[in-house]
Amino acid sequence: MAGTLPQVCAYRVTQGMRRKWLFQLNQKKEIELMRVSCKNLSVMFDELEKIIKPGISTWEINKVGEEIIRDFGCIPNFKNYEGYPASICTSVNEVVVHGIPSKKRILKEGDIISLDAGMIYKGYHSDAARTFAVGEISKEARQLVDVTRQSFFEGIRYAKAGNHLHDISAAIQKYAESFGYGVVRELVGHGIGTHLHEDPQIPNFKTIGRGIRLRPGMTLAIEPMITMGDYAVSVLDDDWTVVTDDNSLAAHYENTVLITEGDPEILTLPNWDKKEWQ
């Protein structure tokens, strides 16, 4: 896979996707299974946030994360997916996505780390990502993390039945670029359900055309990947780790979202207060 971008949490733009469309996932039982998978994932992130501090290795973070996933009776859906060797993607500083956990990678004061993970519960997948501060971080790094998170919420204002998919994409790009940040082009979000990666591809930038019309029951992994500098990225020799070409910081924020008849439901943020969004 040298020379191409890998396919774990964020999907390659050029890679064709499975043709099973999850907007047909409209039975209450199926949606409830996804809710359980996503709620469990949310709990895992809450627990991992507690242990992120200077001195911990990314290997230890992965170890604890996998233990939590398995304690729920779930399966880590990243592990061995297309050959990825871990359960949690641990991406530090200039690493955009797909960083591989290592005992040698020790977090330091001022780092930022993006964790991306998912799990399978009774055949249904979840997927989410968060970028965390390691101790005290610079104002510039804090703004990048906050803007990346907010760009997701700007996007899902348009995640309503009847709107078009790329309305979400354009809103993410407009917000992030208003701060002078780069929006990664080579990697995108995706549909999710009985497979980790399904149609449709969900870019974080405006493309030709408005994309498909959103329908109730669609489940989407929407995941802005934002850089402090230029949006160009490369993959390292391990064929997984994606880094910014200019060595600038990068942040990643993702949730699994259900399209409903009304406002979207953020399945991986079960305690989300819509007042914060509106």
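Comparison of GLU66, GLU47, GLU30 shows that the only residue that is assigned to a helix (DSSP H, G or I), under 22 Å from LEU267 (Cβ atoms), of a type outside the set (S, T, N, Q) and modelled with pLDDT under 95 is GLU30. Go over the candidates VAL257, VAL235, VAL183 one by one and state the one that is in contact with a helix residue (DSSP H, G or I) (Cβ under 8 Å, 6 or more places away or on another chain), under 18 Å from GLU94 (Cα atoms), modelled with pLDDT of 95 or more and not basic (Lys, Arg). Within the list VAL257, VAL235, VAL183, the selection yields VAL183.
Taking the numbered list (1) surrounded by 17 or more Cβ atoms within 10 Å (Cβ to Cβ); (2) assigned to a loop (DSSP other than H, G, I, E, B) in turn, GLY209 passes all entries but (1). If only one of GLU82, GLU94 is in contact (Cβ under 8 Å) with a residue 12 or more places away in the chain, closer than 28 Å to TYR231 by Cα and loosely packed, with under 14 Cβ neighbours inside 10 Å, which one is it? Just a single option satisfies the conditions, and that option is GLU82. Each residue in region 97-111 was checked for being among the aliphatic types (A, V, I, L, M) and surrounded by 24 or more Cβ atoms within 10 Å (Cβ to Cβ), and 1 pass. Kindly establish whether GLY180 is part of a loop (DSSP other than H, G, I, E, B), at positive phi and touching a Leu at 6+ places or on another chain (Cβ under 7 Å). Answer is no for this residue. Tell me whether region 143-153 contains one or more residues that are surrounded by fewer than 24 Cβ atoms within 10 Å (Cβ to Cβ), part of a loop (DSSP other than H, G, I, E, B), out of contact with any Lys or Arg (no Cβ under 8 Å at 6 or more places or on another chain) and aliphatic (A, V, I, L, M). No, the conditions are met nowhere in region 143-153. Here ILE113, ILE106, ILE75 are screened, and the one residue that is touching a residue at least 60 places away in the same chain (Cβ under 8 Å) and not aromatic (Phe, Trp, Tyr) is ILE113. Tell me which of these LYS174 doesn't satisfy, since it passes every other one: (1) under 27 Å from VAL43 (Cα atoms); (2) touching a Lys or Arg at 6+ places or on another chain (Cβ under 9 Å); (3) assigned to a helix (DSSP H, G or I). If we test LYS174 against (1) under 27 Å from VAL43 (Cα atoms); (2) touching a Lys or Arg at 6+ places or on another chain (Cβ under 9 Å); (3) assigned to a helix (DSSP H, G or I), just (1) comes out false. One residue stands out among those in region 120-132 that are within 13 Å of the chain's Cα centre (by Cα) and aliphatic (A, V, I, L, M): the one that is surrounded by the fewest Cβ atoms within 10 Å (Cβ to Cβ), which is ALA128.
Here the strands (runs of 3 or more DSSP E) wholly within region 220-278 that include at least 3 residues being more than 11 Å from the chain's Cα centre (by Cα) and either in contact (Cβ under 8 Å) with a residue 60 or more places away in the chain or buried (at least 17 other Cβ atoms within 10 Å of the Cβ) (or both) are 242-244. Take the conditions (1) more than 22 Å from ILE112 (Cα to Cα); (2) buried (at least 23 other Cβ atoms within 10 Å of the Cβ); TYR181 misses just one of them, which is (1).
The values are calculated or read from the model by the stated rules, or taken from the named source; none is laboratory data. As the structure is a computational prediction, the values presented were derived from the model and not from experiment. With ideal geometry, Cβ positions are generated from the backbone for all residues, glycine too; neighbour counts draw on all protein chains shown.
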